[in-house]
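Notes follow the structure.
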Ligand code: FUL
């Protein structure tokens, strides 16, 4: 009876909400709760919010590369002030092919390029300003970084995204809202209409305060509309509403990382007020607990993206060549991002030559090899069987005889929502079940590490779930000890 009532509620909601609903059960990207629902009903319904096809494909990439390249590469700054002379931009051995080759070899599926950073210098020959590659000596002013990178990506079947900074310290119209919005819209149109498919548009949220006497009000509704009409499959990130900033730049996902959350980017007053009412921002610890959802009016599929640089800075600075993150640091970041239900966006900045530095390429290769080596050797014989797990359900998995493991992977089929709130993993040791690891959320992928053990079988228990969990995979692996990797 309760099941019938719940199904009726789902169908009723589907009719009520204008949102896209699949197979009479799931809510794509957004679910607005009608009044009078109980907290339990809200938590359970949020288990039926699912990603759009683009969000799903985005999540499956797992690894994306950020490329910060531009005027700062040549001035040594992190934030240029917009007064830089375009003549400074002059890579001596620009090689987009090398970037893509290296990244692909290390397992990255997308490259996001800083088409324009806060200094306003455009890496493509835009018609909106002369502050671009067209005014630089590089390729005698006939170069186009966006085009060369996109073509290299296409040759390698690598996805391509753009970072277009709304904050522009060069544009004279910035802080004169309508004029600057028109310029920014035109820049977006140039990038989205002329280079083929764009898979992600990264709108960062940074903004200094020098113009605070006159604040630029960005026309986000219009920017979204431009992206959605010209590149309907592109994921809009950070100030966009398809992928959310994880909340730090250290490469750390949350222990409990919900892709379903009431959070939305602060793009208009209604959203700003709702985020304030709920006390949430991208940096808040709790973005998706049942307690929070009980207070929410609407929930969204808004998954986390972890952006972090392989170096201290986002741009290449020769003095940081000795400070490239080590393999153990990168592996840790992988486990804390991809292994915590997030996409990792790792920044690798090209140098003044226009090439990825040798130290970085070597480190990327080690990283890619390590991840492949770890996860290509499945140690369970029956980990790929789909399992529908209500609260309290357990399932046993067989380890290949004689194998040692120290890592487990759990995955939910997120096309049916994110549901698990708590789970444990035990190993059969000396005739009893011994806890090896436990966690809260799973989502698209959850990785847990523990000391080496040799066990004949594992037991996974879903101790708490919002509705029947769809576990699509349980894996066990042996991750090589990092002090033994060279
Ligand atoms: C921030 C910027 O201020 C940094 O320079 C960098 O581009 C980072 C990825 O986003 O908003």
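The values are calculated or read from the model by the stated rules, or taken from the named source; none is laboratory data. Because the structure is predicted, anything quoted here is derived from the model rather than measured. Glycine also receives a Cβ, built like all others from the backbone with ideal geometry; neighbour counts cover every protein chain displayed.
Quick notes on this structure:
- Number of residues in the stretch 249-276 that are in a loop (DSSP other than H, G, I, E, B) and touching a strand residue (DSSP E or B) at 6+ places or on another chain (Cβ under 8 Å): the value is 13.
- Here the condition is being within 22 Å of residue 204 (Cα to Cα) and buried (at least 22 other Cβ atoms within 10 Å of the Cβ); of 305, 274, it holds for 305 alone.
- Restricting 402, 383 to those that are in a loop (DSSP other than H, G, I, E, B) and in contact with a strand residue (DSSP E or B) (Cβ under 6 Å, 6 or more places away or on another chain) reduces the list to 383.
- Test: residue in the stretch 186-197 that is at pLDDT 95 or above, within 16 Å of the ligand (Cβ to nearest atom) and in contact with a helix residue (DSSP H, G or I) (Cβ under 8 Å, 6 or more places away or on another chain): no
- In the stretch 342-360 there is at least one residue matching the filter, namely being buried (at least 19 other Cβ atoms within 10 Å of the Cβ) and in a helix (DSSP H, G or I).
- Considering 466, 415, 449, 459, the condition of being surrounded by 19 or more Cβ atoms within 10 Å (Cβ to Cβ) and in contact with a strand residue (DSSP E or B) (Cβ under 8 Å, 6 or more places away or on another chain) is satisfied by 466 alone.
- Residues of the stretch 71-91 satisfying the condition of being part of a helix (DSSP H, G or I), within 16 Å of the ligand (Cβ to nearest atom) and surrounded by fewer than 20 Cβ atoms within 10 Å (Cβ to Cβ): 75
- Residues that are away from the ligand (no atom under 16 Å from the Cβ) and on the phi > 0 side of the Ramachandran plot within the stretch 92-129 comprise just one, 107.
- For residue 13: the one exception among (1) in contact with a strand residue (DSSP E or B) (Cβ under 8 Å, 6 or more places away or on another chain); (2) at pLDDT 95 or above; (3) in a helix (DSSP H, G or I): (2)
- Any chance residue 447 is in a strand (DSSP E or B) and touching a helix residue (DSSP H, G or I) at 6+ places or on another chain (Cβ under 6 Å): yes
- Flag for residue 295 being modelled with pLDDT of 95 or more and buried (at least 16 other Cβ atoms within 10 Å of the Cβ): no
- Among (1) within 16 Å of the ligand (Cβ to nearest atom); (2) crowded, with 22+ Cβ neighbours inside 10 Å; (3) over 15 Å from the mean Cα position of the chain (by Cα) - the single one residue 66 does not satisfy: (3)
- Meets criteria (within 27 Å of residue 60 (Cβ to Cβ), in contact with a helix residue (DSSP H, G or I) (Cβ under 8 Å, 6 or more places away or on another chain), surrounded by 20 or more Cβ atoms within 10 Å (Cβ to Cβ) and outside the structural domain of residue 315 (by TED's automatic domain parsing)) for residue 405: no
- Residue match in the stretch 199-206 (condition: more than 16 Å from the ligand (Cβ to nearest atom) and closer than 25 Å to residue 62 by Cβ): yes
- Output for the stretch 171-180, where each listed residue is surrounded by 20 or more Cβ atoms within 10 Å (Cβ to Cβ) and in a helix (DSSP H, G or I): 180
- Scanning the stretch 322-349 for residues that are touching a residue at least 60 places away in the same chain (Cβ under 8 Å), touching a helix residue (DSSP H, G or I) at 6+ places or on another chain (Cβ under 8 Å) and within 16 Å of the ligand (Cβ to nearest atom) turns up 343, 344, 346, 348, 349.
- Taking each residue of the stretch 61-80 that is closer than 14 Å to residue 199 by Cβ and looking for partners that are more than 12 Å from the ligand (Cβ to nearest atom) and part of a helix (DSSP H, G or I) with beta-carbon atoms closer than 6 Å, six or more apart or interchain, yields 65/103.
- Flag if residue 226 is in the same structural domain as residue 166 (by TED's automatic domain parsing), away from the ligand (no atom under 16 Å from the Cβ) and part of a helix (DSSP H, G or I): yes
- Taking the stretch 281-315 as the range and being within 13 Å of the ligand (Cβ to nearest atom) and in a loop (DSSP other than H, G, I, E, B) as the test, the residues that pass are 282, 310, 311, 312, 313, 314, 315.
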